[in-house]
Amino acid sequence: MTERSYIAWVSVAAFLGGALVSLLATVVHQAVWYIGSFPIPWGLVLAGAIVICYLVGVRLAMESRWPSLAAALGVIGAAGIGVFESAGGSVLVPGNLWGTIWAIAPSVIAVAVVAWPRFRKPSNDATAP
């Protein structure tokens, strides 16, 4: 297997994994605890943390950006699907504050993770300037 085909297969797996992570996070993002009358959006925080961990993990595991980009597209696509109304009339991402934040957050997280530069250690090569 060549390196290109390996990266292609890893990118497909990263896309599917990103879609799965995002679907699970989309389902849980509306969970809220109330302390008195103050809402604590623990579902939104958990969903964001899961997406960050997945995307950063893919970014750190692979030298190429293609798997990171594929994972990011899977996350954004699956989160975006939840905005639309189903045949039964239900919506996973309603038009409230938490839903609006969740509609934007996966895209912002994905862009930040994919655009983050990879810092390399300086080589000890004698031919390096």
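Taken together, the values in this text are just the output of simple stated rules run on the coordinates, not laboratory data. Keep in mind that this is a model prediction, so the values were computed, not measured. Here Cβ is always computed from backbone atoms with ideal geometry, including for glycine, and neighbour counts include all displayed protein chains.
Considering every residue within region 107-116, establish whether at least one is aromatic (Phe, Trp, Tyr), out of contact with any strand residue (DSSP E or B) (no Cβ under 7 Å at 6 or more places or on another chain) and outside any helix (DSSP H, G or I).
Yes, region 107-116 contains at least one residue that is aromatic (Phe, Trp, Tyr), out of contact with any strand residue (DSSP E or B) (no Cβ under 7 Å at 6 or more places or on another chain) and outside any helix (DSSP H, G or I).
Would you point out the residue of region 25-73, among those that are of a type in the set (Ser, Thr, Tyr) and not in a helix (DSSP H, G or I), that is surrounded by the fewest Cβ atoms within 10 Å (Cβ to Cβ)?
Per the criteria, the residue is 37.
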